[in-house]
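Everything below concerns the one structure shown next.
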Amino acid sequence: LLLRHASQCPSNGEKKCLVTPHCAAMKHLWKHIATCKDHQCTVPHCVSSRFVLSHYHRCKDKKCPVCQPVRVISLKRSRYQQQLQQQKQNAAKNQTNKQALNGNKTKQVTKQVVQEQALKKRRLLNGASSNAPSQKLTAEQIQAKQRTDIKTREQQLTAYRMKQARLQRLNMLRIDPRRARSCFSGTGPSLPLSLTRSAIMAHLRALKVERLQTTFAPLLRKLMESKHNKGVFNEPVDPVALNIPDYRKVIKHPMDLGTVRQKLEDGKYPKIKGFIHDVKLVFNNAISFNPPEHPVNVWAGLLLKSFESDLPKVMQKMDKLVRKRNDKCQ
């Protein structure tokens with residue numbers, strides 16, 4: 001019984017147990033039993049306690065004089081916990097019923113208020129106040145009211161049509177950079193002369209974004225699938241999962257290759273400098289946060305060198321493609 005109490009008692013060195021003075025000694029005995037395997041141990045109560053615990057786990061006799069006191073206490077504790085759980089469930093059920101009852105009352109009150117407001121509106125439309133007797137409208141008043149209502153409806157309809165027409169014009173001018181094509185080989189769409197200057201500039205920006213996507217996507221894929229990556233740089237760093245709470249304090253602008261790829265696909269890099277800056281930022285963050293001998297630091301350095309060595313080749317290839325397309329468009 002003392003061993004069972006010590007295993008569940010929350011007391012420690014600062015807080016003394018109020019149930020039994022033997023609690024601290026039993027806690028020390030528990031720590032010793034957990035590591036002791038000597039069958040002839042000289043520590044008091046070690047061998048006997050291990051024997052009792054082994055017997056308790058193996059014995060199936062409900063009337064055993066050794067196990068029965070512990071089993072009775074365990075049974076009482078389990079029943080007490082079941083009662084507490086049942087009380088919590090009943091309390092939650094009562095709270096739900098109260099909320100439902102209050103909701104029904106609120107709905108009834110709201111319905112009454114709405115009915116009273118509708119009744120007041122009808123009285124006002126008939127030319128009567130809530131305190132004065134009802135009076136009928138004259139023919140001129142009825143006609144004036146009808147003309148006002150018609151004019152109000154026409155104004156609302158006109159405003160709605162103007163808004164829809166404005167939205168339709170904006171949709172016609174919007175160009176998706178992922179669907180836009182250049183005039184290389186004559187496969188792209190022609191620009192009608194009716195397009196405005198802003199629409200033509202938007203189309204040209206879309207072509208530039210698409211060219212950047214098709215040129216740098218293979219280079220980014222190479223970095224993400226490299227043997228030195230190992231999936232470390234493809235997703236955002238999770239300080240909680242990796243147990244590095246000071247990461248946000250050291251790294252002010254976190255970045256990863258998965259985010260770079262998403263921004264590239266969404267056309268959020270209008271210029272090449274933004275793409276190059278974010279890729280270098282991924283590896284520079286890893287080098288700054290991790291010590292030089294850490295594997296992540298080493299992998300980041302290798303990938304950064306690979307990116308810097310491949311970048312001039314990709315830029316040269318992009319320049320050749322631009323000159324070739326310009327020749328085709330002339």
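The values are calculated or read from the model by the stated rules, or taken from the named source; none is laboratory data. Computed from a predicted structure; not experimentally measured. A quick note on method: Cβ atoms are made from the backbone with ideal geometry, for glycine too, and the neighbour counts reach across all protein chains shown. Accessible surface areas use protein heavy atoms only, side chains included; no ligands, DNA or RNA. Shrake-Rupley method; radii C 1.70, N 1.55, O 1.52, S 1.80 Å.
Key figures for this structure:
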item	result
One residue from Ser226, Ser198 being hydroxyl-bearing (Ser, Thr, Tyr), out of contact with any Asp or Glu (no Cβ under 9 Å at 6 or more places or on another chain) and under 15 Å from Phe283 (Cβ atoms)	Ser226
Pair list, Cβ < 8 Å and 6+ apart or interchain, from region 31-56 residues that are under 13 Å from Leu2 (Cα atoms) to residues that are open to solvent by less than 60 Å² (accessible area, probe 1.4 Å)	His45/Leu29; Ser49/Leu3; Ser49/Leu29; Ser49/Ile33; Val52/Leu3; Leu53/Leu3; Leu53/Ile33
Check on Lys271, over 21 Å from Leu303 (Cα atoms) and over 26 Å from the mean Cα position of the chain (by Cα)	yes
Odd one out for Asp238 among (1) open to solvent by 100 Å² or more (accessible area, probe 1.4 Å); (2) of a type in the set (D, E, K, R); (3) outside any helix (DSSP H, G or I)	(1)
Matching residues, region 65-79, being modelled with pLDDT of 75 or more and not charged (D, E, K, R)	none
Any chance Ile175 is at pLDDT 90 or above, surrounded by 15 or more Cβ atoms within 10 Å (Cβ to Cβ), part of a loop (DSSP other than H, G, I, E, B) and of a type outside the set (S, T, N, Q)	no
Qualifying residue in region 280-291 (condition: in contact with a helix residue (DSSP H, G or I) (Cβ under 8 Å, 6 or more places away or on another chain) and free of Cβ contacts under 8 Å to residues at least 12 places away in the same chain)	yes
Filter result (more than 22 Å from Leu303 (Cα to Cα) and open to solvent by 90 Å² or more (accessible area, probe 1.4 Å)) within region 243-265	Asn243, Pro245, Arg248, Lys249
Test: residue in region 304-325 that is in a helix (DSSP H, G or I), open to solvent by 70 Å² or more (accessible area, probe 1.4 Å) and in contact with a Pro (Cβ under 8 Å, 6 or more places away or on another chain)	no
Residues that are among the basic types (Lys, Arg), farther than 25 Å from Lys76 by Cβ and at pLDDT 75 or above, drawn from region 1-55	Lys31, Lys37
Residues of region 28-44 satisfying the condition of being more than 54 Å from the chain's Cα centre (by Cα) and either acidic (Asp, Glu) or surrounded by 13 or more Cβ atoms within 10 Å (Cβ to Cβ) (or both)	Cys41, Val43
Single residue of Ala217, Ala206 found to be more than 20 Å from the chain's Cα centre (by Cα) and surrounded by 17 or more Cβ atoms within 10 Å (Cβ to Cβ)	Ala206
Conditions (1) outside any helix (DSSP H, G or I); (2) modelled with pLDDT of 65 or more; (3) of a type in the set (A, V, I, L, M): number failed by Leu191	(2)
